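J.: To start, I am sharing the structure in question, which I have written as structure tokens.
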Amino acid sequence: MGLESLRINGLRLKYAMEEMSKIGAIAGGGVQRLSLSDEDKEARDLFVHWLKELNLDITIDEIGNVFGKRPGRYPDLPPVMSGSHLDSQPKGGRFDGTLGVLGALEVFRTIEENNIETNRTLTIVNWTNEEGTRFSPVMSGSGVWVGALEKEWMYNRTDTEGKRFVNELIRIGYRGNVPSRSSEIHSYFEYHIEQGPILEKACKTIGVPKGIVGIHCSDIYIKGETNHVGPTPMEGRHNALCAAAEMILKVDELPAKMGGNMVATSGEIHNRPNSRNTIPDDVHFTIDMRAWEDDLIQKGFEDLKNSFEEIAQKRGCPVRIEETLSVPHAEFDQKLVQNVFRVSENLGYPGQHMLSGAVHDAGYITQIAPAAMIFVPSIGGRSHVEIEDTTWTDCEAGANVLLHCMLQSASVL
Ligand code: GLV
Ligand code: MN
Ligand code: MN
């Protein structure tokens with residue numbers, strides 16, 4: 001059988017997806033597998049079990065990234081890598097990240113059962129903490145691996161209960177002893193759901209992003225003065241939550257003011273003492289800004305800092321602004337992008353060039369190796385919600401594209 005006619009097993013991929021989505025299952029069809037939680041551990045264990053069934057050479061690095069290698073004919077050549085993440089949002093969908101990991105697993109299973117020997121080694125990966133919800137920032141496993149984030153800094157990040165990242169990593173048994181440092185790779189492919197409405201609207205099966213928008217995350221801390229809500233006159237109050245409310249509206253208004261394709265969001269807030277009859281004096285909220293144009297993000301952030309200082313002054317509520325993450329936009333390798341597009345069309349799946357507004361580990365990988373992504377449609381453009389969905393036919397299509405992109409790259413000497 002010629003390799004051109006090789007296809008993945010769509011039913012087996014569906015079964016693996018369904019098995020994985022039982023872990024951390026929540027009402028409404030979604031999953032909650034926060035990074036380094038018991039559910040994350042269970043998902044990792046199942047993944048490792050499946051890697052063992054394929055006799056892959058498994059390594060776990062110090063930040064918890066899990067790699068499985070299938071040696072090629074020339075094991076000294078840099079490998080072809082693919083994967084994504086198994087952690088999820090608090091009310092996450094079944095497909096975000098998981099489809100990329102299990103899509104790659106299905107590719108490995110297909111290659112294995114057909115006894116295919118590739119020239120290059122193939123590596124599958126599950127990156128630690130892509131979502132960055134429990135421990136910010138996003139993409140910390142791949143960020144440490146490529147050297148963009150400091151391992152020790154990440155180890156000391158805490159969740160809202162004050163639990164340290166490293167302690168939770170050890171607790172779930174996934175602090176490996178292999179240094180988390182990138183090795184040379186030939187090419188990296190990440191398969192993912194689109195998470196937006198473009199493919200569905202355009203009636204296309206495969207999205208081929210040319211890159212990923214830049215992301216800037218910050219944490220805002222506001223101090224006020226607490227007091228009883230009844231006897232305390234309105235005049236002269238220093239209500240930290242009111243200051244936060246004004247600031248959050250500035251965040252929402254920023255993209256329209258800046259132009260370009262910017263989006264800006266405050267998605268997390270902690271208000272203390274969080275009592276209905278006490279004036280809040282301690283608020284922490286987050287900002288996530290994204291744009292293709294990196295300078296727009298920087299200008300926007302400067303603009304916000306100025307408005308926040310004014311609001312803080314006016315309300316007598318001092319503000320502290322902490323930049324948590326700044327990652328410039330990432331451009332994928334043009335040759336790989338063209339290959340993904342060509343492979344899709346050859347397999348009979350209409351392709352669509354686009355940009356990714358969600359961030360992905362593939363973005364960090366562009367800093368050290370040629371990378372590209374493969375998107376499949378998200379029904380209704382919904383993601384980071386329990387009802388996130390993609391048809392099994394589209395899941396199968398994307399995995400077939402991944403299969404042929406990997407085989408092609410793995411044959412290159
Ligand atoms: C990851 O899911 C992100 O885009 O924030
Ligand atoms: Mn994802
Ligand atoms: Mn996500």
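The values are calculated or read from the model by the stated rules, or taken from the named source; none is laboratory data. Please read these numbers as outputs of a predicted model, since none were measured by experiment. Quick reminder, even Gly has a Cβ in these numbers, built from the backbone with ideal geometry, and neighbours come from all protein chains shown. Remember, those area values only see protein heavy atoms, side chains included, never the ligands or the DNA or RNA. Shrake-Rupley method; radii C 1.70, N 1.55, O 1.52, S 1.80 Å.
J.: About its Cα centre, what dipole magnitude does the range 214-327 give when the only charges are +1 on Lys and Arg Cβ and -1 on Asp and Glu Cβ, stated in debye to the nearest 20? All intermediate terms of the calculation are to be shown ahead of the outcome.
T.: Details: 12 positive and 19 negative charges, 85 e Å.
With Lys and Arg at +1 and Asp and Glu at -1, about 420 debye.
J.: Share of Cα-Cα pairs in the range 40-97 beyond 19 Å, in percent? Each step should come with its number before you reach the end.
T.: On the way: 635 of 1653 pairs.
Percentage above 19 Å: 38.
J.: Can you list the lysines whose alpha carbon sits under 22 Å from that of LYS305, skipping same-chain ones fewer than 8 residues off?
T.: Within reach: LYS223, LYS250, LYS257, LYS314.
J.: Mean projection of the alpha-carbon convex hull of the range 177-235 over all orientations, in nm²?
T.: On the way: hull surface 47.4 nm².
So the mean shadow area of the Cα hull is 11.8 nm².
J.: Considering only the other residues whose Cβ falls under 13 Å of the Cβ of VAL138, what net charge follows from Lys and Arg at +1 and Asp and Glu at -1?
T.: -4
J.: By its C-alpha gyration tensor, with a ≥ b ≥ c as the square roots of the eigenvalues, how is the range 139-198 shaped: rounded for a/c under 1.5, else prolate for a/b larger than b/c, else oblate?
T.: Working: a/c = 2.23, a/b = 1.33, b/c = 1.68.
Oblate shape, in that a/c is at least 1.5 and b/c is the bigger or equal ratio.
J.: Just want the answer: with Cβ charges of +1 for Lys and Arg and -1 for Asp and Glu, which residue in LEU105, PRO280, VAL66 is farthest toward the dipole's positive end in the chain?
T.: Going by the Cα projections, it comes out as LEU105.
J.: How much of the accessible area of the chain, probe 1.4 Å, is carbon plus sulfur, in whole percent?
T.: Ligands and nucleic acids excluded, carbon and sulfur give 49 percent.
J.: Note down the nm distance, to one decimal, between modelled labels 7 Å out along Cα→Cβ at ARG237 and at LEU355.
T.: Inter-label distance under the simple model: 4.1 nm.
J.: For the pair GLU200 and TYR15, how long in nm is the line joining their label points, each one 7 Å along Cα→Cβ?
T.: 3.0 nm
J.: Can I ask one more? Taking 0.36 nm per residue of sequence separation and subtracting the Cα-Cα distance, how much length would be gained by fully extending the chain between ALA27 and THR158, in nm to one decimal?
T.: Once the chain is fully extended between ALA27 and THR158, it gains 44.4 nm.
J.: About its Cα centre, how strong a charge dipole does the chain have in debye, to the nearest 20, once Lys and Arg get +1 and Asp and Glu get -1 at the Cβ? Write out the running numbers ahead of the final one.
T.: On the way: 41 positive and 58 negative charges, 46 e Å.
The calculation lands at about 220 debye.
J.: If you don't mind, another one. Using a ≥ b ≥ c from the Cα gyration tensor of the chain (square roots of the eigenvalues), is it rounded, prolate or oblate, where a/c under 1.5 gives rounded and otherwise the larger of a/b and b/c decides, a/b for prolate?
T.: The shape class here is prolate.
J.: Reported to two decimal places, what Rg/Rh ratio describes the range 214-327 when computed on Cα atoms with Rh from the Kirkwood expression?
T.: Result for the range 214-327 is an Rg/Rh of 1.03.
J.: At each listed q (0.12, 0.14, 0.21 Å⁻¹), what is the log10 of I(q)/I(0) that the Debye formula gives for the range 296-413 modelled as equal alpha-carbon point scatterers?
T.: Normalising to I(0) and taking log10 leaves -0.64, -0.77, -1.23.
J.: Continuing with this model, one more query. When the Cα centres of the range 175-230 and the range 13-80 are compared, how far apart do they sit, in Å?
T.: Using only Cα atoms, the two centres lie 19 Å from each other.
J.: Hey, how many Å between the Cα centroid of the range 373-413 and the Cα centroid of the range 242-260?
T.: Here the answer is 35 Å between Cα centres.
J.: Using +1 at the Cβ of each Lys and Arg and -1 at the Cβ of each Asp and Glu in the range 214-327, identify which of CYS217, ILE297, LEU249 lies farthest towards the dipole's positive end.
T.: LEU249
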